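Written out below as structure tokens is the structure these notes cover.
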Amino acid sequence: MPSRKPKPVALWSLYPALHEDVSVLLAEDGLVFDFHENDDDNDYINEYDTNVMGRFTCRNRGCRSNGWSSRVIPITIRMYPGARYNARVYHQHCRNCDSLSKPRLTDSYAERVAYRLKKWNGIDMEPPQYNGKSKGPHEESLCEGCKNGHCIQSKRGYRG
């Protein structure tokens, strides 16, 4: 009987289901983009690292973690030819058991993605604001964005 290899754990995810939210914000300025689901494609025109907010739930059923919120979930936004985009959202590890978790995102995702696409298309606007402050330090050792060089917390001189 062949042995089963464990499925590789994803270090990041795309969120095509949130495209409609991004589209609504882009339409305010007359922009129309399609979601580009092939993240292996390296023919992007622009790339930008920023962060969004959300909540993680530990996937390890044996873990006692109740989950955690984060105001620093790294994302890499990419714009492709033909008015297409995507945004890679990096996962985080549970502090209690080290299991990797995918976040549930807030509206900050659509706001950040739409803002960046508008900026790349020459629309002058103020950056979206986050309300509230982080309740704890960002732990680089638990953040896949930090490990992959895409987290704003691990980059010097980040200004938003």
Count charges around SER108 for me, please; just the other residues with Cβ under 13 Å from its Cβ, Lys/Arg as +1, Asp/Glu as -1. +2
In the neighbourhood of GLU144 defined by beta carbon distances under 13 Å, the net charge of the other residues (Lys, Arg +1; Asp, Glu -1) is -1
Once R0 is set to 30 Å, what does the formula 1/(1 + (r/R0)^6) return for the Cβ-Cβ distance between VAL24 and SER141, expressed as a FRET efficiency to the nearest 0.05? 0.25
What number does the chain give for Rg over Rh if you use C-alpha atoms and the Kirkwood radius? 0.99
Name the longest site-free stretch of the chain, where the excluded sites are trypsin sites (Lys or Arg not before Pro) in a DSSP loop with no more than 15 other beta-carbon atoms within 10 Å. 5-58
Let me know the Rg and Dmax you get for segment 1-81 when you use only its Cα atoms, in Å. 17.2, 58
Is it possible to state the helix-based mean residue ellipticity at 222 nm for the chain, with each DSSP H run of 4+ residues giving -39500 (n - 2.57), the sum divided by total residues, to the nearest 500 deg cm²/dmol? What is it? -4500 deg cm²/dmol
DSSP beta bridges in the chain, what fraction antiparallel, as a percent rounded to 5? 90 percent
With the charge dipole of the chain built from beta-carbon charges (+1 for Lys and Arg, -1 for Asp and Glu) about the Cα centre, the Cα from CYS97, THR57, TYR80 projecting farthest to the positive end belongs to CYS97
With +1 on the Cβ of every Lys and Arg and -1 on the Cβ of every Asp and Glu, and nothing else charged, how large is the dipole of the chain about its Cα centre, in debye rounded to the nearest 20? 1040 debye
Total charge dipole magnitude, segment 61-129, about the Cα centre, Cβ charges on Lys, Arg, Asp, Glu only, Debye to nearest 20: 300 debye
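All of the numbers you see were taken from the coordinates with simple rules; none came from a lab. Here the structure is a predicted model, which is why all the values come from computation and not from measurement. Here the Cβ is made from the backbone with ideal geometry for all residues, glycine too, and neighbour counts use every protein chain on show.
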